């Protein structure tokens, strides 16, 4: 409520991005919305600058932060968009060539070189994220790809994982896993670009695929046996 004008607003939401919705409603509903938000959060937002697409593009990619979260950063119109497991999708606004901020929330994103990101909350370092790189993607013949097609059973809960072929890549799906596109980086190794996973197919004594192991950050995450 604004005492002098008698204006007020009530916002009810059950969305994951409730704070962002509230701030946008205040900003768009009142002619002094920016002043209200500055009073609530204690400071004004920095001035947004325009950066060339090539500068924004070099910050895009997949990052792993010190909390173990995978963060995906993509480029939009003069801004960056960040999403990840355990966090809502947010827009990062540039105020310097290597510094971005979240509107109204006192959160800053500092890109160190081209492969590291420091997230600062209320002036203090909250976490550091490192850009994840993967080996070059190669092309495998249809005959090689087709030998990996089949159903694999997870050793921990006996749920099925299906591997199929789609063009030059493999596609993985199942009741307990998201759909993933697997890109070859070796004759028997594949990666999922949007996840920090490596999929390795194991050949048995009869020269047939018997297992598929999934690793992440150097640790075995899942072991599967091929269904006969």
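Between residue 168 and residue 124, how high is the FRET efficiency from 1/(1 + (r/R0)^6) when r is the Cβ-Cβ distance and R₀ = 45 Å? Nearest 0.05. The pair residue 168/residue 124 has a calculated efficiency of 0.45. Simple spin-label model, 7 Å along Cα-to-Cβ: residue 49 to residue 211 in nm? Distance between label points: 5.3 nm.
The order of the peptides 190-197, 124-131, 177-184 by mean Cβ neighbours within 10 Å, most packed first, is 190-197, 177-184, 124-131.
Read-outs throughout are calculated quantities, based only on the coordinates presented, and are distinct from any laboratory measurement. Quantities reported herein were computed from a predicted structural model and do not represent experimental measurements. Cβ atoms come from the backbone with ideal geometry, glycine included; neighbour counts cover every protein chain shown.
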